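Novice: Before I ask anything, here is the structure I am working with.
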Amino acid sequence: MPNRSRDAGAICPFYVKAEKNIISCECAIGGARVWHVFESRELADRHYFDFCASMCYLGCPYAMMLCGMYEKEDSGG
């Protein structure tokens, strides 16, 4: 079951949902999702609060990768 309290606080535009120790994000392949499976719920929570629910989401390596991919598409590269 998704964690609705985490879902409601997400700021990152790539965030999809969270469940226990898993954070699901938009994928570079249309219609797919990426699951980031952490060793513990505590590590997932730490990542969520540091990045997904923060204006610092661009510090997340995955968000940086997706932003770079979209910037290349926008510039025609």
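Novice: Quote the FRET efficiency, to the nearest 0.05, computed for residue 32 versus residue 11 with a Förster distance R0 of 22 Å and r equal to the Cβ-Cβ distance.
Specialist: 0.50
Novice: Using all C-alpha to C-alpha distances in segment 4-74, build P(r) with 10 Å bins and read off the rounded percent in each one.
Specialist: Percent of pairs per bin, in order: 21, 55, 21, 2.
Novice: Take 14, 38, 51 and order them by how many other Cβ atoms sit within 10 Å, fewest up front.
Specialist: Listed from fewest to most nearby Cβ atoms, that is 38, 14, 51.
Novice: Could you give the length gained on full extension between residue 22 and residue 56, defined as 0.36 nm per residue of separation minus the Cα-Cα distance, in nm?
Specialist: 10.3 nm
Here, each number is a calculation from the coordinates, and none is a lab measurement. As the structure is a prediction and not an experimental result, all values here were calculated from the model. For neighbour counting, all protein chains shown are included, and Cβ atoms are generated from backbone atoms with ideal geometry for every residue, glycine included.
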